[in-house]
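Below is one structure, written out as structure tokens; comments come after it.
The values are calculated or read from the model by the stated rules, or taken from the named source; none is laboratory data. Just so it is clear, the structure is predicted and the values come from calculations on it, not from any experiment. Here the Cβ positions follow ideal geometry from the backbone for every residue, glycine too, while neighbour counts run over all protein chains shown.
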């Protein structure tokens with residue numbers, strides 16, 4: 001703990017995260033853990049779920065440890081109370097972190113908590129650690145009120161969320177959009193002058209050599225059937241979980257309009273659409289929505305031009321990006337959205353909705369297009385990107401933009417500075 005790295009102390013840092021899967025929140029946690037470890041800090045990640053067959057590779061072979069705890073508590077009670085169970089699982093993670101620190105006789109300097117704020121007061125009570133809470137989006141706004149009884153249940157959880165969020169020593173959000181929503185939602189915190197800092201997520205920028213290699217070898221990284229389907233085509237790629245809020249149907253409808261309205265363009269006849277996304281068979285919505293998208297594709301008669309890919313490895317993600325001419329990102333009011341950054345880092349322009357986080361990460365008309373969430377508008381943007389010269393130029397601009405503003409190295413240096421300062425506060 002006393003060892004110096006440059007002018008900074010080597011800190012002991014823990015992460016408290018509910019489910020270390022393959023989503024955008026998980027990507028941020030993994031990037032933060034990697035970068036803090038690369039700065040010389042000791043980093044341990046604690047989570048209630050970690051499937052080594054469905055996770056980011058750094059969580060298996062990275063520079064930090066991953067400990068599963070609290071997973072004995074159910075994810076739901078008779079298919080209900082998912083939020084309450086998530087709160088309890090994170091409380092158990094927090095208690096385990098405190099027990100680990102006590103047993104080792106070594107407190108963590110900083111604990112990074114995200115998604116579920118219920119862990120914050122437990123850590124403040126049971127440890128001497130400074131607690132940083134990263135709010136991806138207020139949880140209460142993600143829940144539907146199904147009945148009067150459910151509204152009462154959610155009302156209690158909403159009050160707990162605001163109270164526990166306010167207990168953190170430092171608050172961060174992922175975008176100016178989320179900052180505004182935070183202040184509108186947590187009115188008590190707003191009244192007392194609590195304003196979270198904006199700290200953008202980032203991505204690891206592949207090297208020019210890695211991109212060149214991916215472009216020449218992508219077909220060997222995909223299964224033969226998919227590689228054959230994509231060979232010689234202008235590929236539009238959607239990367240998102242198979243969830244209804246991700247609005248994947250917009251991409252399918254837009255592609256249908258592209259085929260009908262812009263069929264006179266020679267490049268359009270050679271277009272294909274791939275919907276690749278996180279698919280967790282434990283989740284009913286993933287299973288149901290995958291089938292719904294399949295039915296939509298069949299109803300529009302696009303079976304020969306559209307493919308679905310349920311989950312993929314990091315190597316397959318790189319291959320799909322290499323095969324694509326552009327990425328289609330369809331969620332509305334997305335809190336931030338890590339996929340546009342990943343696409344632009346790989347030199348691919350992005351077509352996204354003109355709301356939420358993408359308005360802060362995409363430069364409209366330069367690194368991609370921001371469109372109303374309507375199929376004709378998306379189709380028009382896609383038609384422009386069928387031109388190889390336009391998509392290549394925008395791809396170069398996109399990569400330079402990410403390198404300057406959203407690279408993981410820049411993110412890591414800033415985050416290390418933040419935790420160093422936080423650890424020294426009284």
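Testing residue 253 on (1) outside the structural domain of residue 94 (by TED's automatic domain parsing); (2) touching a strand residue (DSSP E or B) at 6+ places or on another chain (Cβ under 9 Å), one condition comes back false. Which one is that? Looking at each condition in turn, residue 253 falls short on (2).
Considering only residues in the range 293-311 that are part of a helix (DSSP H, G or I) and without any contact (Cβ under 8 Å) to a residue 24 or more places away in the chain, the one that is surrounded by the most Cβ atoms within 10 Å (Cβ to Cβ) turns out to be 294.
Among the residues of this structure, residue 275 counts as one that is surrounded by 21 or more Cβ atoms within 10 Å (Cβ to Cβ) and in a strand (DSSP E or B).
Among residues of the range 63-80 that are at positive phi, those with a beta-carbon under 7 Å from a residue that is part of a loop (DSSP other than H, G, I, E, B) at least six positions away or on a different chain give the pairs 70/48. The sole residue among 376, 349 that is at pLDDT 95 or above, closer than 22 Å to residue 248 by Cβ and surrounded by fewer than 18 Cβ atoms within 10 Å (Cβ to Cβ) is 376. Checked against the criteria, residue 198 counts as surrounded by fewer than 22 Cβ atoms within 10 Å (Cβ to Cβ), within 23 Å of the chain's Cα centre (by Cα) and at negative phi. For the structure I just gave you, tell me whether residue 214 is outside the structural domain of residue 96 (by TED's automatic domain parsing) and either surrounded by 13 or more Cβ atoms within 10 Å (Cβ to Cβ) or more than 24 Å from residue 91 (Cα to Cα) (or both). When the stated conditions are applied, residue 214 passes them.
Does residue 368 count as in contact with a helix residue (DSSP H, G or I) (Cβ under 8 Å, 6 or more places away or on another chain), under 26 Å from residue 30 (Cβ atoms) and at pLDDT 95 or above? So residue 368 passes the test. For residue 147, state whether it is within 23 Å of residue 11 (Cβ to Cβ) and either in the same structural domain as residue 28 (by TED's automatic domain parsing) or surrounded by fewer than 22 Cβ atoms within 10 Å (Cβ to Cβ) (or both). Considered against the rule, which asks whether it is within 23 Å of residue 11 (Cβ to Cβ) and either in the same structural domain as residue 28 (by TED's automatic domain parsing) or surrounded by fewer than 22 Cβ atoms within 10 Å (Cβ to Cβ) (or both), residue 147 comes out as no.
Scanning the range 89-121 for residues that are out of contact with any helix residue (DSSP H, G or I) (no Cβ under 7 Å at 6 or more places or on another chain) and crowded, with 17+ Cβ neighbours inside 10 Å yields 89, 92, 96, 100, 101. Here is a check on your reading of the model: is residue 256 surrounded by 15 or more Cβ atoms within 10 Å (Cβ to Cβ) and over 30 Å from residue 403 (Cα atoms)? Considered against the rule, which asks whether it is surrounded by 15 or more Cβ atoms within 10 Å (Cβ to Cβ) and over 30 Å from residue 403 (Cα atoms), residue 256 comes out as yes. The residues in the range 57-73 that are farther than 13 Å from residue 18 by Cα and crowded, with 18+ Cβ neighbours inside 10 Å can be counted, and the count is 3. Among the residues making up the range 85-115, those that are within 23 Å of the chain's Cα centre (by Cα), outside any helix (DSSP H, G or I) and modelled with pLDDT of 95 or more are 110, 111, 112, 113, 114.
Inclusion of residue 360 among residues that are outside the structural domain of residue 23 (by TED's automatic domain parsing), more than 22 Å from residue 180 (Cβ to Cβ) and modelled with pLDDT of 95 or more is not warranted.
Checking each residue in the range 81-94 for being in contact with a strand residue (DSSP E or B) (Cβ under 7 Å, 6 or more places away or on another chain) and touching a residue at least 60 places away in the same chain (Cβ under 8 Å) picks out 90, 93, 94. Is at least one residue of the range 44-52 free of Cβ contacts under 8 Å to residues at least 12 places away in the same chain, surrounded by fewer than 16 Cβ atoms within 10 Å (Cβ to Cβ) and in the same structural domain as residue 152 (by TED's automatic domain parsing)? Yes, because at least one residue in the range 44-52 is free of Cβ contacts under 8 Å to residues at least 12 places away in the same chain, surrounded by fewer than 16 Cβ atoms within 10 Å (Cβ to Cβ) and in the same structural domain as residue 152 (by TED's automatic domain parsing).
Scanning the range 381-391 for residues that are part of a helix (DSSP H, G or I) and either in contact (Cβ under 8 Å) with a residue 12 or more places away in the chain or crowded, with 19+ Cβ neighbours inside 10 Å (or both) yields a total of 7.
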